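The values are calculated or read from the model by the stated rules, or taken from the named source; none is laboratory data. Computed from a predicted model, the values in this text were never measured in an experiment. FYI the Cβ positions are ideal-geometry reconstructions off the backbone, even for glycines, and counts take in every protein chain you see. When the accessible area is computed, the model is the full protein with side chains, heavy atoms only, and any ligands, DNA or RNA have been set aside. Shrake-Rupley method; radii C 1.70, N 1.55, O 1.52, S 1.80 Å.
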Amino acid sequence: MKSYRKELWVVVPEMQGVKDLTEEVRECVEASRVKEGLCLVNAMNVTSSIFINSDDWDIHKEFFKWLEDIAPHDPEKKADTKDVEEHFADVHFKRTVLGRDVTIAITKGELDLGTWEQILYFEFDGKRRKHVLVKIIGE
Amino acid sequence: MKSYRKELWVVVPEMQGVKDLTEEVRECVEASRVKEGLCLVNAMNVTSSIFINSDDWDIHKEFFKWLEDIAPHDPEKKADTKDVEEHFADVHFKRTVLGRDVTIAITKGELDLGTWEQILYFEFDGKRRKHVLVKIIGE
Amino acid sequence: MKSYRKELWVVVPEMQGVKDLTEEVRECVEASRVKEGLCLVNAMNVTSSIFINSDDWDIHKEFFKWLEDIAPHDPEKKADTKDVEEHFADVHFKRTVLGRDVTIAITKGELDLGTWEQILYFEFDGKRRKHVLVKIIGE
C-alpha cells in the first residue's frame, strides 16, 4: 500500500471567497503514484469548506447568498471564544452546510470525477492563511 | 490490496425522486471480494445526492418538502450556464444539503451498516440518465 | 493492509446533546497500529450525527438553536413509522445537515486533525443507547 500526504495553503483576500483546488489535488495524485485508491481532501480549519460542485462563479455567488438566507450573520453571536481568533456562529453553520471534506476515487492513476465535478474550497473567514489536507492511500 | 469500480446508472422518471441503491452496492461488495475495506458511493452529477437514511417513503416525501422550504425553486435563478443543460440554483443547494457521497465500512465481506441505514439516491434534476460511482478498496 | 473495527456506545441522557469522541477514536487508532491510512467514523443510527467542529459548548448550543430555526420540531409530522421507535421528521433533517460520517487521515500513527478539529457526536433522539462505528484501514 502506498500513502501520500500534502498540506495545501490557501489565502482568500476577502472574508468570503472560493478557490478551485482540482488542479492542485490532481498534482498530488500524480505525485503519489497511486493508481487505484481513495483521495481525502479536507479543510483543516473549522471555518471553511471543501465540497464538490461545478466551477461556475454564477452559482458560487448564489451559494453565498443562499447561505446568508439560512444562516444569517448576527454580530451579537460571537462564538468559539476558546479559539485564538473569535468567530461568529454563522460561519460555523455555513461551513457545516457545505461540508468539511470530500472523498474521491482514484482510478488508473487519475481523480475519478464526473464531467462537471470540481473540488472547491469555500472560505467563510478569510484574509489569512488557511490549510487543506490531501491524503491518498492505495496502490 | 484489492480495488473495484463500477458505475451505476439511474433514471428517475420525474424531476425529483428517490432510488434505494443498497442492494446494487451490496452486489458490488460481493463482486469485489473485499473482506475488510472501505466503499465510497458518490453521485457523479452535481444535481443529485447520495446519502444514508431509512428507506421510508413517508420520510422521503417530508425531505423534499423541507428542502423546498429552505431552498425554494426560483425560476429567475438560472445558474450553471456553462453546463450543456442549465440548472436552477436551488437544485445545487438541495443536493448539497443531503450531500454528494457516503463512505461505508466493509467488514467480513459485507456492508457494515446500522439496522436502519439504507444507501439512497435523491434526484433533483431527473428525467434523464445519471450516474453513480461505487469504488471499493481493501483486502 | 491492516484493518480495525470498533463500535462505540453512546448514551445522551437528554433528547439532544453532544459528546466529544476524539479521545475514544484516538485510542482506536493506537489499537489499530495503522501508521498511514484512513479512519471512518459514522453514526449507525439515522437520528444522530458525526461531524467535526471545535469542542466549544457555546457554539454547540448555537448549533441546536439554528437547527431548530431551519428544521423546526413539528409534533404533527411523525415519520419513520416502519421503525420500531417512531421519529419525527425534523430529527432526520437536523441529523442530515450536520452529516452521518467523517473520514480522517491517519499520519505517523496519529489522527491527522487541524488544531481546532474535534470529532463530535450530536444526538437528536437520545435517552437511549446508540452506536457509532470506527473503521480504520491502512498500513
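For region A:85-92, the condition holds for no residue, the condition being that it is of a type in the set (Asp, Glu), crowded, with 22+ Cβ neighbours inside 10 Å, more than 18 Å from the chain's Cα centre (by Cα) and modelled with pLDDT under 95. Take C:ARG33 and tell me if it is open to solvent by 90 Å² or more (accessible area, probe 1.4 Å) and either at pLDDT 95 or above or not polar (S, T, N, Q) (or both). Here the answer is yes, as C:ARG33 does meet what is asked. Can you name the residue in region C:39-69 that is of a type in the set (S, T, N, Q) and within 14 Å of chain B (Cβ to nearest Cβ) and, of all such residues, is farthest from C:ASP125 (Cα to Cα)? Selected residue: C:ASN42. When you scan region A:17-24, do you find a residue that is touching a residue at least 12 places away in the same chain (Cβ under 8 Å) and farther than 25 Å from B:ASN42 by Cβ, even just one? Looking for residues that are touching a residue at least 12 places away in the same chain (Cβ under 8 Å) and farther than 25 Å from B:ASN42 by Cβ, one finds at least one in region A:17-24, hence yes. Would you check if B:GLU23 is surrounded by fewer than 20 Cβ atoms within 10 Å (Cβ to Cβ), out of contact with any helix residue (DSSP H, G or I) (no Cβ under 8 Å at 6 or more places or on another chain), modelled with pLDDT of 95 or more and part of a helix (DSSP H, G or I)? Yes: the conditions hold for B:GLU23.
Kindly indicate whether A:VAL12 is closer than 21 Å to A:VAL97 by Cβ and away from every other protein chain (no Cβ under 13 Å). When the stated conditions are applied, A:VAL12 passes them. Among the residues of region C:99-122, those identified as open to solvent by 10 Å² or more (accessible area, probe 1.4 Å), in contact with a strand residue (DSSP E or B) (Cβ under 7 Å, 6 or more places away or on another chain) and on the phi < 0 side of the Ramachandran plot are C:ARG100, C:ASP101, C:THR107, C:LEU111, C:ASP112, C:LEU113, C:GLN118. When residues in region B:92-139 are screened for being over 29 Å from A:MET1 (Cα atoms), among the hydrophobic types (A, V, I, L, M, F, W, C) and within 10 Å of another protein chain (Cβ to nearest Cβ), 4 of them pass.
Could you look through region C:34-51, keep only residues that are farther than 22 Å from A:ILE50 by Cβ and touching a residue at least 60 places away in the same chain (Cβ under 8 Å), and pick out the one that is nearest to the chain's Cα centre (by Cα)? Ranking the candidates gives C:SER48 first.
For region C:52-67, what are the residues that are open to solvent by 10 Å² or more (accessible area, probe 1.4 Å) and touching a residue at least 24 places away in the same chain (Cβ under 8 Å)? Selection gives C:ASP55, C:TRP57, C:PHE64.
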